[in-house]
Amino acid sequence: MRVWKIAPGKYASNWEEALEKGQIFIGWPQMGDLSQYKSQEDLVDYYQEEYEVLHNPINNSFTLWGFTHLIQPGDVVIANKGGKSIVGIGKVTGEYEYMPEGNPEFPNVRKVDWVITQEIPLTKKQFPNKTLAEVSVDRLESIRTNAFKKVPNIGPIWKELFETTTGPNDGHPESKTSTDFFSEFWEFTKSRGFSFDRELIVRFATSLMSKPFLILSGISGTGKTKIAQLFAEFMTQQTPKRPNEVSSGILNFEYELKPYNFSYTRLMIPTAIVKQLEQLELDFSEGETVTIRYGNATEEALIKRQGGTVRLGFRKGLASWVSNHFKIDDVVYIQIQNDGTDWEFSVQPYTGQASVPQQYAFLSVRPDWLDHRGLLGGYNPLTETYQVSEMLKILLRAQRALEHPFFVILDEMNLAKVEYYFSDFLSCLESRLFKDGTLQQEAIQLHQADAEVEQGLSFVDEDGSVYQIPKSIKIPHNLYFIGTVNVDETTYMFSPKVLDRAHVIECNTIDFASYRQEVASSIQRRYEPRLSYTEKVEFFTMLGEFHKALYAKTFLRGNTVDRLQSAFVSADSL
């Protein structure tokens, strides 16, 4: 028996209907009968076509596939209201049913016997912002503590519901999925003409799964750089690049609202957007009048260059709409059409706007790196511009696609002193802790430009996406660092504080006999993927949990404590 959380509509808006009918249901009516899809890949293909998106919808595809195929009669369902409240707990009593005649907006149904129907507030956030997610054993224990305080005489009911519960990661290392994952990556490396010991393949992947920083150390020629590159390629979704949006007449971008947008009712247009609009022969020095559409309203606004910035002023209607629908640090989605004269503001991304950008960066460390500017670029206060680096690009990309893994490969990591150029990253990684259901950490300072100048700092990515450059940035939880290290007279040694924050794998042996055999047998070998991109990501990220177990210290609970003690005893005997 497994435990699932399912949101009965946004903020449990459909809970009364679910309780009355003895059901739990999900939407996406355009997908039709979910049982028609023979594989998760088929489901993803249809979803992308139907909703006109380029990215792989990991959360939504997992919800649709999991609701249809993974949930089984006898499983427990927790109906949540946001992240910190439960409105009902019940047991699944039926198979998946497609019932568009019931509620056309929520046609995908399972019957549920709702046993606990009293609302249970939680002391901290327990549920991710997903429609469907499996509830881990440690999270269930926290829910149990809150339930026993709130619901009288719940003991026997709880025992009947949960006495045979298993968590999503029980037996994870020995599961069929793990075997498939490691074997598939091994086959992938062979198809590229490389020979790695399978034990190294497993150690490499599991090291990254348990900690986001891995160092590969050893002599030259052992494949340290190649295994890192191959794994990043293996875990990357291949998505077509979007056409140049300026030439197609449409420009989409996201804008993060700051305090001055509300107090001064204006918007500083990012420099990257200004440059693209100027290609359409718009002259902002004298001012350009444009049409602004928002909600169901339309009005005109003036865009004009003042000093070093180009500003769009809000009239009363737009200012009121922004104040009613957004707060500071929220993102407004903007679409520009008709040669730059038609602007539409929206609370939702435009169809096809979201796509997964390039998911890894390969950085060759330079000996002259003395601080983080070698990695993150720098701000020039004279020109009021920011020199954007590949590292900063991958950080911003990862922030925008938090359900996908991103990778940074630092090649020849110790050609410069790691404690100099990577110290801010080490401190931020070390500062991470799990508090009130969220991952918290310190941020890296990027610049100190004032608020108006900051709004103009931006860059346009290869796929046309526009990113603003904030004053500071936190390391996204879905970003992994892989460093390669050679130890010779041209490099620096690591200090203990660097090694304490990373997993280290030594690569010092080469099996030439096996290499010759593997290369000879793989010349004609083709790689035939058995796992979809979604399945690989779900396994590698622990169903989207990433390194929560590390920062929440869940590995110190349950039977893992005994296993750790056994490992410590074994280590002491060495």
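Here is how the numbers come out for the structure above:
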{"item": "Check on Glu452, more than 30 Å from Thr271 (Cβ to Cβ) and either among the charged types (D, E, K, R) or modelled with pLDDT of 85 or more (or both)", "result": "no"}
{"item": "Selection from the range 432-455 of residues that are more than 30 Å from Val498 (Cα to Cα), open to solvent by less than 10 Å² (accessible area, probe 1.4 Å) and outside any loop (DSSP other than H, G, I, E, B)", "result": "Gln455"}
{"item": "Count of the range 386-414 residues which are of a type in the set (A, V, I, L, M) and either free of Cβ contacts under 8 Å to residues at least 60 places away in the same chain or surrounded by fewer than 19 Cβ atoms within 10 Å (Cβ to Cβ) (or both)", "result": "2"}
{"item": "The range 369-393: number of residues that are closer than 26 Å to Ser220 by Cα and either in a strand (DSSP E or B) or small (Gly, Ala, Ser) (or both)", "result": "1"}
{"item": "Output for the range 458-480, where each listed residue is outside any strand (DSSP E or B) and modelled with pLDDT under 85", "result": "Asp461, Glu462, Asp463, Gly464, Ser465"}
{"item": "Near pairs, Cβ below 6 angstrom, 6+ apart or cross-chain, from the range 201-225 (free of Cβ contacts under 8 Å to residues at least 12 places away in the same chain and crowded, with 16+ Cβ neighbours inside 10 Å) to any residue that is basic (Lys, Arg) and in a helix (DSSP H, G or I)", "result": "none"}
{"item": "Lone qualifier among Thr484, Thr509, Thr491 - being open to solvent by less than 40 Å² (accessible area, probe 1.4 Å), within 22 Å of Thr222 (Cα to Cα) and in a loop (DSSP other than H, G, I, E, B)", "result": "Thr491"}
{"item": "Conditions (1) modelled with pLDDT under 85; (2) farther than 26 Å from Trp321 by Cβ: number failed by Tyr255", "result": "(2)"}
{"item": "Test result for Leu396, closer than 30 Å to Phe540 by Cα, in contact with an Asp or Glu (Cβ under 9 Å, 6 or more places away or on another chain) and assigned to a helix (DSSP H, G or I)", "result": "yes"}
{"item": "Within the range 5-25, tally of residues that are under 24 Å from the mean Cα position of the chain (by Cα) and open to solvent by less than 30 Å² (accessible area, probe 1.4 Å)", "result": "5"}
{"item": "Unmet criterion (only one of (1) surrounded by fewer than 18 Cβ atoms within 10 Å (Cβ to Cβ); (2) modelled with pLDDT of 85 or more) for Val92", "result": "(1)"}
{"item": "Test: Glu105 is within 17 Å of Glu17 (Cα to Cα) and either open to solvent by 10 Å² or more (accessible area, probe 1.4 Å) or not in a loop (DSSP other than H, G, I, E, B) (or both)", "result": "yes"}
{"item": "Test: Tyr37 is more than 30 Å from Asp138 (Cα to Cα), touching a helix residue (DSSP H, G or I) at 6+ places or on another chain (Cβ under 6 Å) and not assigned by the TED database to the domain that holds Thr541", "result": "yes"}
{"item": "Residue check for Leu54: hydrophobic (A, V, I, L, M, F, W, C) and not in a loop (DSSP other than H, G, I, E, B)", "result": "no"}
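The values are calculated or read from the model by the stated rules, or taken from the named source; none is laboratory data. Remember, it's a predicted structure, so these values are computed and weren't measured experimentally. Note that each Cβ is placed from the backbone with ideal geometry, even for glycine, and that neighbours are counted across all protein chains shown. Note: accessible area is taken over every heavy atom of the protein model, side chains too, but ligands, DNA and RNA are not part of it. Shrake-Rupley method; radii C 1.70, N 1.55, O 1.52, S 1.80 Å.
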